[in-house]
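Beneath this line is the structure, given in structure tokens, with notes to follow.
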Amino acid sequence: MTATQAAGRRSGPGRPPEPGHDEKIIQATLRLIDQGKPVTVNAVVTGSGVSRAAVYRRWSSLTDLVSDALDHGRAIPEVDISGDLRQAVLEMLFERQEEARGVTYPQRRFRKRLELVMSDQELQWAYWASHVSRRRRGMIEALRAGVDRGEFRADLDVEAALDALLGVIYYQLVVRGASLSDRETELRCRHALDTIWRGMQA
């Protein structure tokens, strides 16, 4: 979701939002996040040069604002289900990481996002509802296509299956502190994913 779309969803009553204010507010919020400073309305107002009312016309709470800011610059990836599903999923997980994360989305912000959502459950829920759940749709559709084609078990819980597939990657990045650019890490992930895939197959 873009900042403009988010603003349209959250705009309250009053004057129509002025062009450019959305981006100013988002960028001011990101500067605070990247610098490790608390995100407050006063700090956002000072950093963006817009009014307090302008912030609240776009976002009903700081939680919603931070959630949108953390997702700024990230894409909703498409998964090609016309061919080999396994290859399409593996490409998404290993070769299209930058695309999914966002080419302008720095690694340090990815880690900061994890830190923030783990320390604030309300933010975690907001981020899941407004952003993560949408980004999963392409992969969910790919797994459902596999069920429809008879490649996967008819009773496959596609949500749980996707959790397992993505969990392999997140465990390496978050728990082990490894990088997918490391060949040993990639091989470990691929072996784990092969195990999960075999369990999914019809």
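The values are calculated or read from the model by the stated rules, or taken from the named source; none is laboratory data. Quantities reported herein were computed from a predicted structural model and do not represent experimental measurements. Note that we place each Cβ from the backbone using ideal geometry, even for glycine, and neighbour counts take in every protein chain shown. SASA here: full protein model, heavy atoms, side chains in, ligands and nucleic acids out. Shrake-Rupley method; radii C 1.70, N 1.55, O 1.52, S 1.80 Å.
Of note:
- Per residue accessible area in Å² of the chain, where ligands, DNA and RNA are left out and the probe is 1.4 Å: 53 Å²
- Estimated inter-spin distance, R96 and T46, nm [label 7 Å along Cα→Cβ]: 4.3 nm
- Taking 7 Å steps out from each Cα toward its Cβ at L180 and L166 produces label points 1.2 nm apart.
- A value for mean projected area of the Cα convex hull in nm² was derived from the coordinates, and within the list [x] 12.5; [y] 11.6; [z] 10.3 it appears as [x].
- Just the protein heavy atoms count here, and of the accessible area of the chain at 1.4 Å, carbon and sulfur take up 52 percent.
- Sum of side-chain charges, R136 neighbourhood, beta-carbon under 10 Å (Lys, Arg +1; Asp, Glu -1): 0
- With K and R counted +1 and D and E -1, the other residues having a Cβ less than 15 Å from that of V147 yield a net charge of -2.
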